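Just below is one structure, and these are the notes that go with it.
Just so you know, all these numbers are worked out from the coordinates, no wet-lab data involved. What you see is a predicted model, and the numbers here were worked out from it, not measured in a lab. Glycine also receives a Cβ, built like all others from the backbone with ideal geometry; neighbour counts cover every protein chain displayed.
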Amino acid sequence: MRELLNQCNLRPMKPFVISALAAAVMAACGGGVTDDIARGQQVFSQNCAACHSVSSGVVIVGPSLAGVATRAAANDDDLLPREVLRRSILSPQAEIVEGFKNLMPPDFERKLVEADLEALLSYLMTLQ
């Protein structure tokens, strides 16, 4: 391998160079997922918390969302949990929890821009 690298006039990178490069890339990416979750929690507080609790067994108007990511993972469809949650938000009549009626605002999907919806989904996925 070293011969091949030398033939191409390349040298193996030193471990500290690789570490420095990785650190620079991560720093450039910012908080990423953590920021998305924090923004999602804010979106939840502003748009969902009036009707949904995140505490187990606490019902306000709609069902508690405690463990919603786990329930979404146990779906019968061939959808990823995040997509099940997306469908529940955008088409609430498709995922009505037993014992509850569909009281979600019919125009709710128009209230969220795509970035806020993605952030909300990131937050909901933390609710194991």
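To the nearest 20 debye, what charge dipole does region 31-124 have about its Cα centre, counting +1 at the Cβ of each Lys and Arg and -1 at the Cβ of each Asp and Glu? Can you show the working numbers first?
Details: 8 positive and 13 negative charges, 62 e Å.
Here the size comes out at about 300 debye.
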From the square roots a ≥ b ≥ c of the eigenvalues of the alpha-carbon gyration tensor of region 61-117, which class results: rounded (a/c under 1.5), prolate (a/b over b/c), or oblate?
oblate
Burial-style ranking of 51-62, 98-109, average other-beta-carbon count within 10 Å with highest first, yields 51-62, 98-109
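Evaluate E = 1/(1 + (r/R0)^6) for residue 46 and residue 101, where r is the Cβ-Cβ distance and R0 equals 30 Å; express this FRET efficiency to the nearest 0.05. Could you put the intermediate results ahead of the total?
Numbers: r = 23 Å, r/R0 = 0.78.
Computed FRET efficiency for residue 46 and residue 101: 0.80.
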